[in-house]
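The structure appears right after this line, and notes come after that.
Rule-based calculations on the coordinates, nothing more; no lab input. This is a predicted model, so every value here is computed, not measured. A quick note on method: Cβ atoms are made from the backbone with ideal geometry, for glycine too, and the neighbour counts reach across all protein chains shown.
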Amino acid sequence: MGSNASHMIDEVMIEEYVELTYLKKAEIQYIWKYFYAMNTDAVSRDCCCFLPVAHLEELLPQLKVNPFVDRLYDVFFPRRGRNGEIYFSFEDMLDMCSALSPECPDKVKAMWAFRVFDFNNDNYIDEEDLTMIIDRLTQKKQLTYDEKEKIIKIILKEVDLGKSGKISSREFVHAVTKMPDFATCFQLKV
């Protein structure tokens, strides 16, 4: 890409992105095509520009129904405008698509998932985080407080190997990489 901003992505850059991500050349070209189409004027002027995240859901409509979409944006797109609007670059998009790619190794995917589920950003998944995860998965209406507490205690008993009352990234990765459905549930196909 460099200073040659156009509707085509530079072949050398594609090869670099293939080396740096878990994406294939065709996937990178597809993502570039849509990134460019989101705002041809801005991207033509500066291929490293930042676009509002509202455009992204046209490319990846599955994000609209993901109960953790705001957390995905927080983790992968940390830039905010004055009005709180979220912005992302082409490379931010590649990072997210790479981490959620079926080709991403389970341990790497699990580390990204840990960051998404760590709502309070304290580098642990604690009872507060687990409650938020349960609420989002059940859409806040199906479980009583006691039912949630029981689930949280069971999760902590099984995953919190250090018995600290919270789950470290290491414990989380250890647990979820043993779950056969984890990799297919934490993915986004481009």
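Please work out, to two decimal places, the log10 of the ratio I(q)/I(0) at q = 0.09, 0.15, 0.19 Å⁻¹ from a Debye calculation in which every Cα of the chain carries one identical scatterer.
-0.39, -0.95, -1.32
Take every Cα pair under 8 Å in the chain that's 6+ residues apart, average their separations, divide by the length, and report that relative contact order as a whole percent. Could you put the intermediate results ahead of the total?
Working: 206 pairs, mean separation 38.7, N = 190.
In percent, rounded to a whole number, it is 20.
Quote to one decimal, in nm, the extra length available between residue 54 and residue 24 on full extension: 0.36 nm per residue of separation minus the C-alpha distance between them.
Numbers: separation 30, 0.36 × 30 = 10.80 nm, distance 2.51 nm.
Working it through step by step, the gained length comes to 8.3 nm.
Would you please name the trypsin sites (Lys or Arg not before Pro) within segment 1-107 that are DSSP coil residues with at most 12 other C-beta atoms within 10 Å of their C-beta? Provide the component values of the computation, followed by the final result.
Values: sites: 24, 25, 33, 45, 64, 71, 79, 80, 82, 107; in loops: 24, 82.
Sites meeting the loop and neighbour criteria: 82.
Per-residue counts of other Cβ atoms within 10 Å, averaged by peptide: what ranking do you get for 148-158, 13-23, 88-98, highest first? Walk me through the numbers on the way to the answer.
Details: 148-158: 14.2, 13-23: 15.7, 88-98: 21.2.
Listed from highest to lowest mean packing, they are 88-98, 13-23, 148-158.
Kirkwood hydrodynamic radius, computed over distinct alpha-carbon pairs, for segment 14-85: how many Å, to one decimal?
Numbers: mean 1/r = 0.0729 Å⁻¹.
It is 13.7 Å.
Using only the alpha-carbon atoms of segment 92-190, report the extent along each of the three principal axes, biggest first, to the nearest angstrom.
The principal-axis extents, from largest down, are 40, 32, 26 Å.
Within segment 1-147, what is the number of lysine pairs with alpha carbons under 30 Å apart, leaving out pairs fewer than eight places apart on the same chain?
18
What share of all Cα pairs of segment 51-104, in percent, falls into each consecutive 5 Å distance bin?
That works out to 4, 18, 32, 30, 11, 3, 1, 0, in percent per bin.
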